[in-house]
1. Just report the Cα centroid separation between the range 740-762 and the range 214-238, whole Å.
2. Each residue of the range 690-695 in order: what ³J(HN,Hα) in whole Hz does its phi give by Karplus 6.51 cos²θ - 1.76 cosθ + 1.60, θ = phi - 60°, with x for Gly and Pro?
3. I need the Debye-formula profile for the range 41-143: one equal scatterer per C-alpha, no solvent, reported as log10 I(q)/I(0) at q = 0.13, 0.15, 0.17, 0.22 1/Å, two decimals.
4. Take the Cα atoms of the range 701-794, find their three principal axes, and give me the spread along each one in whole Å, biggest first.
5. Filter the trypsin sites (Lys or Arg not before Pro) in the range 236-323 down to the DSSP loop ones having no more than 16 other Cβ atoms within 10 Å, then list what survives.
6. As I understand it, the dipole of the chain uses +1 on the Cβ of Lys and Arg and -1 on the Cβ of Asp and Glu, about the Cα centre. Which of Val558, Thr244, Phe455 lies farthest toward its positive end?
7. Once you wrap a convex hull around the alpha carbon atoms of the range 624-755, what is its projected area averaged over all directions, in nm²?
8. What shape does the range 630-680 have by the C-alpha gyration tensor, where a ≥ b ≥ c are the square roots of the eigenvalues, rounded means a/c under 1.5, and otherwise prolate means a/b greater than b/c and oblate the rest?
Amino acid sequence: MMRCFLDKQMAPSDFAKANIEQVLNTLTTDEAISLTAGVGFWHTHAIERLGIPAVKVSDGPNGIRGNHFFMGTPAKCLPSSTAIGATWDPKLVEEVGLKLLAEEAKLRSASLVLAPTCNIQRNPLGGRSFESFSEDPFLSGIIASAYVKGVQSGGIGTTIKHFVANDKEDDRMAYDSILSERALREIYLMPFMLAQKHAQPWAYMTAYNRVNGTHASENAFLLKKLLRDEWKFDGMVMSDWFGTFGVDPALKAGLDLEMPGTNKWRTLDYVNRLIVARKVNVRTIKQRAKQVLELVQKCAQGAPEVLDGDGAERTVDTPESTELLRKVAAESIVLLRNENSVLPLKPQELKKIAIVGPNAKAIVLSGGGSAALKASFFITPFEGIVKALDGSGAEITYSEGARAYKTMPSLDYEMFTASGQRGWVGTWHKHESDDSLVPLDEVIQEQVIDETRIFISLSTPPGITKRWTLKLRGQLKPRDKDCKFEFGLTVAGRAKLFVDGNLVIDNWTRQRRGEDFFGVGTVEEKGTYDLKAGAKHDILVEFCNVRGPADGDEDEAVMDSNPGVRLGGAEVEDSDALLESAVSLAKEADAVIAVVGLNADWETEGYDRTTLALPGRTDELIAKVAAANKNTVVVTQSGSAITMPWSDSVPAIVHAWYLGNASGDAIADVLFGKHNPSGKLSLTFPKREEDIPSFGHFHSEDGKVRYAEDLYVGYKHYQHRNIAPLYAFGHGLSYTTFSLSNLQLSAPSISNNEFNLVVSLNVANTGSVAGSEVAQVYIAPPTTSALSHPPLQLKGWNKVRDLAPGQEEKIEVVLDKYAVSYWSEDRGVWAVEKGVYGVKVGTSSDKLVLEEIFEIKDGFEWTGI
Ligand code: BGC
């Protein structure tokens, strides 16, 4: 789009050629201040007179949502980051970054992606564990580098986040992550450091929390000393959304951009007052503005078509993108167990297959929070399996078996307008005045809304009053039998549900504060209604953006930036009968596929999980079904670890994470052998919560989270304490077998404070089908070290692709100084000790079959990256 800049016809992308120093000199102080804060939720500030365009940012990480939480443009949803980590395939991740993420950002008219997330799963209960790649900093850092490289090679920027030690959700704006500098450097900063070294993200997003006493967004140690001075980062640093907690400390510490622009601290009035008071000087403001300008310029250079485009958000699925979504999903699936080669299933040998489990037909495609998006298409596991069996002659039976939702399931596909269109009709009403609670009858906007979790955020119609009402009217899809139906209504604001004119839920008069809608919603209130077979029952939800009074909090605050309402529901079922129906189907079938797990309500932003156990009666369902049918295959869906008390009594377990649009197809590809699994766990699955490294000190206590497990995170803890996990980090089976042999090490070379050693070995496919295997290289510290170190640390790997049966390949893994360095707190440098190091190689952290040693005769120190 051409705009008038500098009285000339200029395209926004002409800023690509601007001389930043000159622009800076021309900027008024007010303009410089304005550049250091966003505009609205998703844009930087534009200055037309100087030809400075605004750039649009968008979440991240498992797709590009676009600007709208409400009625968003449908998008491609990729597997969750833990799944991406489980591919152990940087080449594939780079391809995905370029072909799926950068392209998708362009379709959304966004120049900068708010991803990747590189925090560490110090505890799998962390609500956003699904959003980071791995518990291991090396795997995380290498996959993150590939992600960043891929996206940025498409001209779109990345924003690596959340910098740093944002490893849990409860109390996330406030808690103080207290950790040793060694753990901070060797574990929590390491993924960022590796991405900085190998891929140079254009931007960093600060974490919400404090790190050793100071909020990350105003932490000069992190933002100045480390990021700028040591790592030589020359890009832009932005805050997390509403994660700026002061003005001059953040400006001085190096936070370039406050996001979002609503409710901002960096107003002209306030910052000018601080300048007058010499709390901050203009030079600092201009320095912050400069980083923003350089970022804008990179965007203009990288993808000028985005800045010059029409700003629209589009959905385009091509056969190639759909194929790649399916491929990356299948590549991330981990075959945890396969006794007696029950898998792959052979449809021609199976007359009847029972599909059971609450996740089989549910829409489970990603974790929740800002990572969630509206998928452009979605294949449920049930649909994928049915499709794969098409033509095989196998009969398929189905039972939900148990209930597993945290909040009542969405009614997205159950609600219809009077004219039969999917969705319900929303009418927006102004109130008598901004301060009034009384809506006017007049409709200022009417629209069909095809979602029943409605997070309005800032997407209100123009001309609406500060307080407003949205009335939602639809009809529930008729049932084929009389039944009792249970509804659930959650709201950030206040809402009432009427069915056929009868008040069924009042979440208005008195409320209970809850966790939904990023922590400002109510508890889900429930109510039941008797539905008649074949009848179209009228549904009306009245929703107002002013929250109701609650016990202990009579405040009727206006939800100005985050109002939302969610209606869910399901037929009331007797849980014994439900379980029994699955068991009786299992008895009659030749094989059972049980699809179970969590969903975006269990794993999300704003709160942590409280248990590793699967919800409701899921464990009991699996145990009973497995007892009824010895060919029971369990497919688990979760973004992080879960416990499996039944794991020894089922022959096969397939861990399918959250896989995005292609979930069902990818799962079927693995179940029926179209894809030979090669995914490897990106985090440890413990046997019990008590075994988790941070057990007992995971929570924020009086605002403090003590990282008492120190360096012993993930598998490092299990190995150090000799605790057998349920499934170890790096574990993952195949339909073929591999043998590793002939481990050789080159002589270690050290020059100019760099280290190099080449590990080589042979990998042979000893089974009967083609397959891929990951040779993992772990380093043991010198036996003579006076310091404590984790017994083994992953420092390299090589994924051997598509080896034919009988084929053998020689592979190499190059180790650099990161493989042998630790952070010396005493000297404030990275240090390499002299001594004899161990090298262990295998196909899982608990299956290290080859071993060698090498010696470093003279230690050395280094700084920087
Ligand atoms: C999340 C960020 C996200 C931002 C914008 C925050 O709540 O922590 O990861 O990028 O919102 O949606």
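1. 34
2. 4, 7, 5, x, 9, 4
3. Results for the range 41-143 at q = 0.13, 0.15, 0.17, 0.22 Å⁻¹ read -0.53, -0.68, -0.82, -1.13.
4. Result for the range 701-794: principal-axis Cα extents of 57, 41, 23 Å.
5. Filter output for the range 236-323: Arg278, Lys279, Arg314.
6. Thr244
7. 14.2
8. Oblate is the answer for the range 630-680, as a/c is 1.5 or above yet b/c matches or exceeds a/b.
Bear in mind these aren't lab numbers, they're just calculated from the coordinates by the rules spelled out. The model shown is predicted, which means the values in this text are computed figures rather than measured ones. Ideal geometry is used to build each Cβ from the backbone, glycine not excepted, and the neighbour counts take in all protein chains shown.
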